[in-house]
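Read-outs throughout are calculated quantities, based only on the coordinates presented, and are distinct from any laboratory measurement. Just so you know, these numbers come straight off a predicted model, no measurement behind them. So basically every Cβ, Gly included, is an ideal-geometry build from the backbone, and we count neighbours across all protein chains shown.
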Amino acid sequence: MIHGKLMAVMIGVAMLAGVGCAGSDPFTIDPAWTFVQGGVTRGDRTRKELALIFTGGDKGEGSELILDTLLDNGVKASFFVTGGYVAAQGYGVWLRRMVDEGHYLGPHSHGHLLYAPWNDRRVTLVTEEQFKDDLRKNIDSLRGYGAMPMGEVIYFIPPYEWYNTRHAIWAHDLNCILFNFSTGSGSHRDWAPEGHETFRPSRKILADILECEQTDPDGLNGHLLLLHLGGEREDKMYRLLGDLIDALRERGYRFVRVDELLDPTRIKTHSP
C-alpha cells in the first residue's frame, strides 16, 4: 500500500520517467521543487530555509563534534548513513543521539552500492531485487535505533549521490523519497582528501557556500546542503560547522529537517 502523502511525488516521478499512472488524477509537481532523474534536488525556492544533510559510511569521526555543534546552536539536521556506519565500533551512541536529539536519521544504502556507471547514468548496475534488498536492510538496521517510524514516508539519499530515474521509482516502491544535494555551493567537496584533484580547503568550501548564497538569484532557499560525517582529509570541514551556521543565520536562513523542507503535503495538485 502506497502512503497517501507520497502519491503526488510518485506520480510526478512516473511522469518524469514517461511511465503512465492509470486510474490516477493528473498531478503537477510544485514548481518550487526541482527534480533531476526523478530525485528531488531542491525544495521551495520562495522560502528562506535550508536543510543540513550529513552522510556517513565507515568513517564518521566527526559525528560527536557535529552533534555537539548542532545542539549548542539549537539546529535540527538530517543524517543518512550506510551499513558500514551502523556496524562501526562505537558509532551506536551517535545514532542514538541523532534520534534522541530530534534529528532525522535515514538510509544511504546498506552496502554503499554504485547504482550507475559514472560515464553513462542511464545504465543500472544493480537489479531491482538487489536495490530493494539492500535498501530494506539499511532501513531495518536504523529502525533499531528508533528512526523512521513505521507507516511514515522515508527520505533516502543514494550512495555516491548518483542514480537514475529507475532507482527513484524503485525507492518510491518502498515508500521512500529519493533526493540529492542541491548543486552550486560545492559543499559536497568536503569528502576529498588532500592531493585529490577535487580537494578544496575547508575555508574555501565555506567561502564558496556563502558566495553561492550571494550569486544565486534565490540564494540558498530550499537548498539541500550536503556535508560528510568524516573522511580521510586532515582539513575537516565539520570543524567550521558553527561558523557556517552563524553566517547563514545572520543572512536570515532557517534550518529545517529534510522531512520539513521536502514535506510531500507541499506538493500541489491540479485538475486539467
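Of note:
- Residues 265, 69, 82 arranged by fewest to most Cβ contacts within 10 Å: 265, 69, 82
- Helix-only arithmetic for the chain: the sum of -39500 (n - 2.57) across DSSP H runs with n ≥ 4, divided by the residue total, places the mean residue ellipticity at 222 nm at -9500 deg cm²/dmol.
- Pairwise label distance in nanometres, residue 129 with residue 162, each label 7 Å out on the Cα-Cβ vector: 2.5 nm
- Inter-label distance, residue 96 to residue 265: 3.2 nm, where each label sits 7 Å from its Cα along the C-beta direction.
- Close Lys pairs in the chain, defined as Cα atoms under 16 Å apart and 8 or more places apart or on different chains, number 4.
- Choice from 71, 262, 241 showing the highest fluctuation, given a GNM over the chain with Cα pairs closer than 10 Å: 71
- Summed over all non-identical Cα pairs, the Kirkwood treatment of the chain gives a radius of 18.9 Å.
- For the chain, the longest principal axis of the Cα atoms and the long axis of helix 128-143 meet at an angle of about 50 degrees.
- Measuring nothing but how far apart in sequence close Cα pairs (under 8 Å, 6+ apart) lie, relative to its length, the chain scores a relative contact order of 32 percent.
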